[in-house]
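Scroll down for the structure; my scribbles are underneath it.
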Amino acid sequence: MKRLAEGSFVPVAVVVLAIIAIWYAGTIILNTPWQQSVYARADLVDVPLTQFLADVFAQQRPVLPAPHQVAVEFYNSVFNANPSTPRSLIFHAWITLSATGLGFIFGTLLGIGLAVLIVHNRAMDRSLMPWIIASQTIPILAIAPMVVVVLNSVGLTGLIPKALISTYLSFFPVVVGMVKGFRSPEAIHLDLMRTYNASGNQVFWKLRWPAAVPYLFTSMKVGVAASLVGAIVGELPTGAAGGLGSRLLAGSYYGQTTQIWAALLMAAALSAALIFAIGAIQSLTAKMMGAPA
């Protein structure tokens, strides 16, 4: 018990319980008007509180579904549905994950390449960095439909447009992080490499790159979450038959708020799994590089 109290489990559990309590309170507040209208049409008065709460938490199309309704929908969509059919959240999560992975790889490689240019070329530093920062001021919801339409006109459909939108969001944290990482070696270390008559490539691979690795993984954790958001946003204007974005859109069209929240829960779980995977690779890489355990 003492180890649990000293760790992060208890604080995290307290926050989760507080969020669930606030969620239930919001469910009662937002769903009460509809429930009262139902009672009025049925001429029901003096409904017991327990019956009222049971009815509020069991609405078919609530404004805000209760946590247990979302949990039941999530369980049924994950474990009781055929994963190869659009009824399953695993089916939609796999489609979104494919675009996320491809876009994340593109974004990471693009970010590293741009960071190398910026660090090694003063003209690139002055010309590229302001545009890179300015690119992130454009709302992704505004450019996603244009990207999809333009790419469709040249015959690029399916996974590529969504992956490119993911790339747009994920490359920025990698650029910023890697520029910081490549510049992190102290001047005395660079001077030492010069005294060894080290070439530019040797300085990069033996000093700058190892120094930038921690920054890379930190940036990748931010970038993969942004890439997932980009893939979901990219699915909205395409009218795609699959993907968490299309699931959210279908739930919005038909007023299935429980379906929407279940899809959001799956997206959060997917993002957390990707971040944990990168964290595991980071730990393994640090161990291989000789970092203390």
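The values are calculated or read from the model by the stated rules, or taken from the named source; none is laboratory data. Here the structure is a predicted model, which means the values were calculated and not measured. Positions of Cβ are backbone-derived with ideal geometry, glycine not excepted, and every protein chain shown enters the neighbour counts. These accessible areas exclude ligands, DNA and RNA; they are computed on the full protein's heavy atoms, side chains included. Shrake-Rupley method; radii C 1.70, N 1.55, O 1.52, S 1.80 Å.
The tail of the calculated P(r) for the range 1-115 beyond 23 Å holds 61 percent of all Cα-Cα pairs. Expressed in units of 2.2 N^0.38 Å, where N is the residue count, the Cα radius of gyration of the chain is 1.29. According to the Kirkwood relation over distinct C-alpha pairs, the hydrodynamic radius of the range 134-293 is 18.3 Å.
Measuring between their Cα centroids, the range 199-241 and the range 57-97 lie 30 Å from each other.
The modelled label-to-label distance for the pair A58/A18, using points 7 Å beyond Cα in the direction of Cβ, is 3.3 nm. Projected over all directions and averaged, the alpha-carbon convex hull of the range 63-103 occupies 3.7 nm². FRET efficiency for the pair A241 and L109, taken as 1/(1 + (r/R0)^6) with r the Cβ-Cβ distance and R0 = 30 Å, rounds to 0.55. Counting only protein heavy atoms and a 1.4 Å probe, the chain has 58 square angstrom of accessible area per residue. Helix 257-288 and the longest principal axis of the Cα set of the chain meet at an angle near 30°. The label point for L156 and the one for I28, both projected 7 Å from the Cα toward the Cβ, are 5.3 nm apart. The share of accessible area on the range 1-78 that comes from carbon and sulfur is 71 percent, using a 1.4 angstrom probe.
Against the longest alpha carbon principal axis of the chain, how many degrees, from 0 to 90 and to the nearest 10, is the axis of helix 9-41 turned? Between helix and principal axis, roughly 40 degrees. Based on alpha-carbon atoms, the Kirkwood radius and the radius of gyration of the range 1-64 give Rg/Rh equal to 1.25. Remark: the range 173-190, residue by residue, has Karplus-estimated 3J(HN,Hα) of x, 5, 4, 4, x, 6, 4, 4, x, 5, 8, 6, x, 6, 4, 5, 6, 5 Hz, where x stands for each Gly or Pro and the curve is 6.51 cos²θ - 1.76 cosθ + 1.60 at θ = phi - 60°.
Run the numbers for S252 and A42: contour at 0.36 nm per residue of separation, minus the present Cα-Cα distance, in nm. Don't skip to the answer; put the middle values down first.
Values: separation 210, 0.36 × 210 = 75.60 nm, distance 2.84 nm.
Contour length minus Cα-Cα distance gives 72.8 nm.
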